[in-house]
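Take a look at the following structure, please.
No lab work stands behind these numbers, since they all come straight from the coordinates. Remember, predicted model here, so these are calculated numbers, not experimental data. Reconstructed Cβ throughout: ideal geometry from the backbone, glycine too, with neighbour counts over all protein chains shown.
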């Protein structure tokens with residue numbers, strides 16, 4: 001738990017200015033002087049609590065050690081004994097009518113989880129570099145984490161200038177190198193300040209020992225940090241923290257992360273996709289209930305009808321709703337000794353929502369020093385990686401670049417945090433369109449010819465053979481060959497080929513992730529209709545997303561058979577008669593499956609046809625044998 005120190009004067013003022021507090025995290029490598037700087041800031045601005053200076057002096061005297069400013073923050077005995085900050089300390093600070101919460105985050109790699117916790121709540125950051133030691137690996141790690149967490153207001157303090165005789169050349173070298181690194185990861189330092197926290201140089205006032213520096217002090221730089229405005233003009237996001245019942249009212253409670261909410265608004269709750277209007281916005285100790293609430297406020301609302309929604313759902317307006325998906329990308333920072341492995345399952349926390357997720361792919365591990373990446377089969381402690389995870393149910397979320405507050409995730413094992421990260425979708429689709437039913441007043445018409453009579457006449461059962469695989473694996477070739485063989489044997493059959501349906505039925509669809517999903521949805525519904533007419537339908541489509549194939553299976557019910565036409569990328573490229581892979585490699589085709597877009601192999605297909613080293617006829621023979629065994633009615 002974070003510890004807090006506040007002077008009486010500061011604490012009395014917090015209530016009226018809490019909404020305008022600037023939370024500043026101080027991060028850096030161990031022993032670069034973070035806690036010392038905070039202690040000095042309090043002393044030089046006259047804000048040390050009464051008796052605190054004397055208490056620190058007496059403690060140092062008893063221990064036979066020189067006076068240490070860091071002890072103001074490092075109040076745990078373990079920290080005093082080891083000389084490192086273990087916990088994340090928070091301390092109220094004020095200067096020139098502005099209120100701050102200073103967060104002292106541990107720099108030692110053993111306590112990096114506490115550093116992430118502290119930085120995740122910050123509006124701005126002060127990065128500490130030891131002028132004598134220079135930029136360390138941990139320095140780059142910390143700045144990369146700040147970028148990952150969305151902290152954009154950043155300044156750099158080059159500390160311990162007294163140890164390098166206040167040498168300007170040494171300072172300029174560190175300034176140039178670190179500013180260049182920050183720029184390469186998307187951060188820009190507002191200021192780079194040479195200081196000596198122990199001696200007070202450029203902390204609260206200009207240093208006479210560094211006349212070559214004419215910029216602001218640390219205290220003046222804090223005043224330059226800009227507090228971002230609440231995202232009131234962004235799409236509405238209200239994650240539900242809980243549902244309470246008072247008298248006959250059900251009050252939905254949560255914090256508005258973005259947007260504006262008004263009474264009478266029609267809300268969509270995701271991922272359940274239920275809708276209702278806001279009847280009231282509840283308030284306490286006010287004469288009149290508010291009619292509007294905006295981002296940053298915790299609210300309770302009642303609805304005009306009693307719909308079932310639960311903790312973790314996200315309320316939005318009908319326009320610009322969150323993404324709904326069961327597969328997502330995470331750029332995460334792994335925090336524990338046990339590596340993350342492909343196939344491992346963890347708890348996933350998205351705001352107030354808790355569910356289970358499985359690691360499907362480790363795309364890359366990022367070297368934060370060289371700013372390069374490499375392939376890996378596991379993610380080790382303190383590594384940053386891009387991974388793909390699949391959840392056990394649909395979830396509502398946003399991409400972090402669009403709406404940061406609903407675009408963050410935590411992986412955990414019960415109550416132990418394993419990793420934190422930010423969400424992107426990459427080439428995976430928003431599945432909302434595929435699960436939303438918009439038709440109403442529909443009455444299903446019953447056919448006068450039932451399935452049994454069609455089977456009796458055709459002498460075979462109907463079905464959907466769903467061929468899936470990479471481009472070039474042989475789906476269309478095998479589908480057409482199988483259709484001919486089955487037709488010659490008296491089967492009623494038809495092929496729905498991916499290219500063919502895109503010239504007519506799906507000519508209006510692109511190759512975006514969402515349109516790919518819609519393409520599969522339409523084909524699966526047509527396949528069901530043809531199978532209902534008694535045919536054996538053979539669909540030959542890449543259908544790269546497992547979720548789409550699962551929905552096709554659900555639509556067809558027991559008629560569905562997934563057939564994985566398996567071939568390695570190298571094999572497919574060697575068969576590339578259309579030149580698609582070559583163009584994709586050259587960047588001429590965006591979102592090409594297997595190259596720049598994902599292909600999710602089937603987990604438990606009914607049949608696998610490996611075409612890597614087999615001829616066409618032997619593959620078709622196996623397919624015909626499968627149809628005879630599973631669909632033919634004995635004479």
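For residue 608 and residue 632, FRET efficiency with R0 = 30 Å and r from the beta-carbon atoms, rounded to 0.05?
Efficiency, rounded to the nearest 0.05: 0.90.
Sticking with this one: Could you tell me how many degrees, from 0 to 90 and to the nearest 10, lie between the Cα long axis of helix 52-63 and the main elongation axis, the longest principal axis, of the Cα atoms of the chain?
90
Now for a separate question. Going by alpha carbons, how many degrees (0 to 90, nearest 10) lie between the helix axis of 546-556 and the longest principal axis of the chain?
40
Quick one: if the Förster radius is 45 Å, what FRET efficiency do residue 554 and residue 180 give, using the C-beta to C-beta distance and rounding to 0.05?
Efficiency at R0 = 45 Å is approximately 0.25.
Still on this structure: Please report 460, 374 as a ranked list, fewest other C-beta atoms within 10 angstrom at the top and most at the bottom.
Ranked by crowding around the Cβ, least crowded first: 374, 460.
Per-residue counts of other Cβ atoms within 10 Å, averaged by peptide: what ranking do you get for 420-431, 22-33, highest first?
With the highest mean Cβ count within 10 Å placed first, the list reads 22-33, 420-431.
Kindly state, to the nearest 0.05, the FRET efficiency for residue 206 paired with residue 291, given R0 = 41 Å and r defined as their beta-carbon distance.
The formula returns an efficiency of 0.20 here.
Also: Give the residues of segment 563-585 whose amide nitrogen is closer than 17 Å to a point set 7 Å from the Cα of residue 596 in the direction of its Cβ.
Taking a point 7 Å out along Cα→Cβ of residue 596, the residues of segment 563-585 whose backbone N falls under 17 Å are 579-585.
Be a star and scan segment 271-286 for residues whose amide nitrogen sits under 18 Å from the point 7 Å along the Cα-to-Cβ vector of residue 246.
Backbone N within reach: 278-286.
Give me the extension gain from residue 568 to residue 121: residue separation times 0.36 nm, minus the current Cα-Cα distance, reported in nm with one decimal.
Taking 0.36 nm per residue and subtracting the Cα distance, the gain is 156.3 nm.
With an 8 Å Cα cut-off and a minimum separation of 6 or more residues, compute the relative contact order for the chain in percent.
8
Exposure proxy check: 345, 543, 448 ranked by fewest other beta carbons within 10 Å?
Fewest-to-most ranking of 345, 543, 448: 448, 345, 543.
Given contacts defined as C-alpha pairs under 8 Å and at least six residues apart, what's the relative contact order of segment 552-635, whole-number percent?
36 percent.
Full-extension gain between residue 457 and residue 529, please, as 0.36 nm times their residue separation minus the C-alpha to C-alpha distance.
24.1 nm
Between (1) 19, 53, 26, 2; (2) 16, 39, 29, 13, 3, 0; (3) 15, 38, 35, 11, 1, which entry matches P(r) over Cα pairs in 20 Å bins from 0, in percent as derived from the coordinates of this structure?
Computing P(r) over Cα pairs in 20 Å bins from 0, in percent and matching it to (1) 19, 53, 26, 2; (2) 16, 39, 29, 13, 3, 0; (3) 15, 38, 35, 11, 1 gives (2).
From a point 7 Å beyond the Cα of residue 489 in the direction of its Cβ, which residues of segment 615-634 have a backbone N at a distance under 17 Å?
Zone members listed by number: 616-634.
For the chain, find the longest principal axis of its Cα atoms and tell me its angle to the long axis of helix 34-44, 0 to 90°, nearest 10.
The answer is roughly 40 degrees.
Let me ask something else. Note the full-extension length gain between residue 588 and residue 336 as 0.36 nm times their separation in residues minus their Cα-Cα distance, in nm to one decimal.
86.6 nm
Same structure again: In whole percent, what relative contact order does segment 204-363 give with Cα contacts below 8 Å and a gap of six or more residues?
In percent, rounded to a whole number, it is 21.
Which of the peptides 263-276, 172-185, 126-139 is most tightly packed, and how do the rest follow, going by the mean number of other Cβ atoms within 10 Å of each residue?
By packing density, highest mean first, the sequence is 126-139, 263-276, 172-185.
By count of other Cβ within 10 Å, fewest leading, how are 308, 592, 467 ordered?
Result, fewest neighbours first: 308, 592, 467.
Further question: In whole angstrom, how far apart do the alpha carbon centroids of segment 180-210 and segment 519-567 sit?
When both Cα centres are located, 62 Å separates them.
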